[in-house]
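The values are calculated or read from the model by the stated rules, or taken from the named source; none is laboratory data. Given the structure is predicted, the values throughout are model-derived calculations rather than measurements. Here Cβ is always computed from backbone atoms with ideal geometry, including for glycine, and neighbour counts include all displayed protein chains.
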Amino acid sequence: MLDVSTAEKKDILSLELPQLKQVLEANGEKGFRAKQIFEWLHKRRVMSFDDMTNISLELRKKLSERFYIENIHAVRRLKSDIDDTEKFLFELSDGNHVETVLMSYEHGDSLCVSTQVGCKMGCKFCASTIAGFKRSLKASEILLQLYEAERVSGRKVSSIVLMGIGEPLDNYDNVLSFLNILSSESGTNMSLRHVSLSTCGIVDRIKDLSKLGLGLTLSISLHATNDKKRSELMPINQRYNISELMSACHDYFDATGRRISFEYALIDGENDSEADAKALAELTGGMPSHINIIPVNKIKERSYTSSRAAAVRFSKRLNDLGVNATVRRTLGADIDAACGQLRREYEI
């Protein structure tokens, strides 16, 4: 029988299956109950212990005394008139908010999830960092963006991008738990080959990921080809310079065999010259990679601008230099689908 003497309830949705089994067995319950409970939470996605009908009433009562089931809800839902993009503003149980974007591609629907409330990385062109950092999300709160987006929209998500608000590798442990729960056969059972993790370049954590062999696609927010410019745009470069970052990317490819994706937000007069194109081609030329050119998102607090036409020209120049580069497809332009803006507007 579960020990319910603990004063504070625990977030059961954030527990990986082995962790849940360990807790149950430590309190005299049969280990197989863990899988039953896990499936109720992550396959059937119930929001109450009372709905777990193959669990005894006594155990359900003990679970409710020891644990709680985290929840979030959509306070804003925007649907594009241009394409099938939907943008959600989710309110967390503590009143904070995060953004999630559901996008349609030929291969299926993809969900861009947030991993933190705000961001502490300070990238100059990013709306997410302007509102400041509040806290990291728990594994359950990352998962619930998927569960709620699917429930509200009625659409099935086939891939996930950790590219919303926050830096995933600054929330390393919770993001790993999210990935383990997401890919569990007793849960959503999504292959991590369908998951892309975007990072501004926390080199130590990239090295940690290399050792795990998860099959993730790693997306590196590069945005400049020399340390001076990158440090101006992205303060993280003052801690991990481009040389260290590229070395970690090479190691990641060598360890996993997974092609690296480089994100490059094109900014007029900042990183869009012929010399920038040549330097970018040289910098990424030593490994299988793809460069995603992104016209910088316009935000009112910054004067940075770009255009899709400029991005197309820059991409073509890279192609001419033998680099695999494309311009990111613009989705949900009429609802400002880039992350960070809806949260700030709602909380003002």
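Matching residues to (1) assigned to a loop (DSSP other than H, G, I, E, B); (2) aliphatic (A, V, I, L, M):
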{"residue": "LYS87", "(1), (2)": "no, no"}
{"residue": "PHE90", "(1), (2)": "no, no"}
{"residue": "THR100", "(1), (2)": "no, no"}
{"residue": "SER104", "(1), (2)": "no, no"}
{"residue": "LEU111", "(1), (2)": "no, yes"}
{"residue": "CYS119", "(1), (2)": "yes, no"}
{"residue": "CYS123", "(1), (2)": "yes, no"}
{"residue": "SER128", "(1), (2)": "no, no"}
{"residue": "GLU141", "(1), (2)": "no, no"}
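Here's a check for you: in the range 143-173, which residue that is of a type in the set (D, E, K, R) and not in a helix (DSSP H, G or I) is surrounded by the most Cβ atoms within 10 Å (Cβ to Cβ)?
Ranking the candidates gives GLU167 first.
Can you name the residue in the range 9-44 that is aromatic (Phe, Trp, Tyr) and out of contact with any Ser or Thr (no Cβ under 6 Å at 6 or more places or on another chain) and, of all such residues, is nearest to ARG66 (Cα to Cα)?
Applying the filter and picking the extreme gives TRP40.
Please indicate, with yes or no, whether at least one residue in the range 267-289 is over 22 Å from THR199 (Cβ atoms), crowded, with 21+ Cβ neighbours inside 10 Å, modelled with pLDDT of 95 or more and hydrophobic (A, V, I, L, M, F, W, C).
yes
Scan the range 233-265 residue by residue and report those that are over 16 Å from SER219 (Cβ atoms) and touching a strand residue (DSSP E or B) at 6+ places or on another chain (Cβ under 9 Å).
Within the range 233-265, LEU233 is the sole residue that qualifies.
If ASN297 satisfies all but one of (1) at pLDDT 95 or above; (2) of a type in the set (S, T, N, Q); (3) under 21 Å from the mean Cα position of the chain (by Cα), what's the number of the condition it fails?
If we test ASN297 against (1) at pLDDT 95 or above; (2) of a type in the set (S, T, N, Q); (3) under 21 Å from the mean Cα position of the chain (by Cα), just (1) comes out false.
Hey, among PHE38, PHE67, PHE32, which residue is aromatic (Phe, Trp, Tyr) and surrounded by fewer than 16 Cβ atoms within 10 Å (Cβ to Cβ)?
Step by step, each of PHE38, PHE67, PHE32 is checked, and only PHE32 is aromatic (Phe, Trp, Tyr) and surrounded by fewer than 16 Cβ atoms within 10 Å (Cβ to Cβ).
Results for (1) among the β-branched types (Val, Ile, Thr); (2) under 17 Å from LEU13 (Cβ atoms); (3) within 20 Å of the chain's Cα centre (by Cα), shown as yes or no for each residue.
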| residue | (1), (2), (3) |
| --- | --- |
| ASP50 | no, yes, no |
| ILE72 | yes, yes, yes |
| LYS79 | no, no, no |
| THR100 | yes, yes, yes |
| CYS112 | no, no, yes |
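Restrict the check to the range 99-106 and report whether at least one residue is assigned by TED's automatic domain parsing to the domain that holds SER231, modelled with pLDDT under 95 and among the acidic types (Asp, Glu).
Yes, the range 99-106 contains at least one residue that is assigned by TED's automatic domain parsing to the domain that holds SER231, modelled with pLDDT under 95 and among the acidic types (Asp, Glu).
I need the full set of residues from the range 247-266 which are crowded, with 20+ Cβ neighbours inside 10 Å and among the β-branched types (Val, Ile, Thr), in order please.
ILE260, the sole residue that qualifies.
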